[in-house]
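Engineer: Next up is a structure, given as structure tokens.
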Amino acid sequence: MATKGATKAHRQSLKRRLHNRMIKSATKTAMKRATDAIAAGDPETAREAVRDAIKALDSAGSKGIFHPNNVSRRKSRLVLKYNAAVASIQSSSGDDDSKKSSKTSRAKKSK
């Protein structure tokens, strides 16, 4: 039989585990919604979903549910996906950005 302190610590750890699982699950759901919205191709909906996912990640990170580096990595990858999707939508929308070239691409072409 465990001591009173050990049984109380066990009860507390079970409560913490349930609470952490709820937050982790909600964060994963927010991430999934964001990636689905990005894949759908609507930039406005995707922007809202990404904002919600970043908010959920920051909240989980501040509570110690995810490691801070893990939070940063997930946020970075999510924003990269969003930016790539928005760039592809904008480039396919008919804007004539192909004539514009950057300084580095002109330098590479001249070599």
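Engineer: Do we find that T7 is surrounded by 13 or more Cβ atoms within 10 Å (Cβ to Cβ), β-branched (V, I, T) and at pLDDT 95 or above in this structure? Spell out the reasoning first.
Structural biologist: On the way: surrounded by 13 or more Cβ atoms within 10 Å (Cβ to Cβ): no; β-branched (V, I, T): yes; at pLDDT 95 or above: yes.
No: the conditions fail for T7.
Engineer: Restricting the search to region 17-46, which residues are within 19 Å of F66 (Cα to Cα), of a type outside the set (S, T, N, Q) and more than 16 Å from the chain's Cα centre (by Cα)?
Structural biologist: The answer is R17, L18, H19, R21, M22.
Engineer: Now a separate question. For the structure I just gave you, tell me whether T3 is β-branched (V, I, T), more than 21 Å from R77 (Cβ to Cβ) and out of contact with any strand residue (DSSP E or B) (no Cβ under 6 Å at 6 or more places or on another chain).
Structural biologist: Criteria met by T3.
Engineer: Please go through region 20-43 and give me each residue that is of a type in the set (D, E) and at pLDDT 95 or above, ordered by number.
Structural biologist: Hit for region 20-43 is D36, nothing else.
Engineer: Return the residues of region 1-49 that are touching an Asp or Glu at 6+ places or on another chain (Cβ under 9 Å) and either within 21 Å of G61 (Cβ to Cβ) or free of Cβ contacts under 8 Å to residues at least 12 places away in the same chain (or both); say none if nothing qualifies.
Structural biologist: Hits for region 1-49 are A30, R33, A34, A49.
Engineer: Here is a further query. Taking the criterion of being farther than 27 Å from Q90 by Cα and within 9 Å of the chain's Cα centre (by Cα), would at least one residue in region 47-58 satisfy it?
Structural biologist: Yes, region 47-58 contains at least one residue that is farther than 27 Å from Q90 by Cα and within 9 Å of the chain's Cα centre (by Cα).
Engineer: Among the candidates I38, I65, I54, which residue alone is in a loop (DSSP other than H, G, I, E, B) and surrounded by 16 or more Cβ atoms within 10 Å (Cβ to Cβ)?
Structural biologist: Criteria check complete, one pass: I65.
Engineer: Does R17 qualify as being at pLDDT 95 or above, assigned to a helix (DSSP H, G or I) and surrounded by fewer than 16 Cβ atoms within 10 Å (Cβ to Cβ)?
Structural biologist: Yes; evaluated as a whole, the condition is true for this residue.
Engineer: Can you confirm whether region 2-9 contains a residue that is on the phi < 0 side of the Ramachandran plot and in contact with a helix residue (DSSP H, G or I) (Cβ under 8 Å, 6 or more places away or on another chain)?
Structural biologist: yes
The values are calculated or read from the model by the stated rules, or taken from the named source; none is laboratory data. From a predicted model like this one, the values you see are computed outputs, not experimental measurements. Don't worry about glycine lacking a Cβ; one is built from the backbone with ideal geometry, like all the others, and counts go over all protein chains shown.
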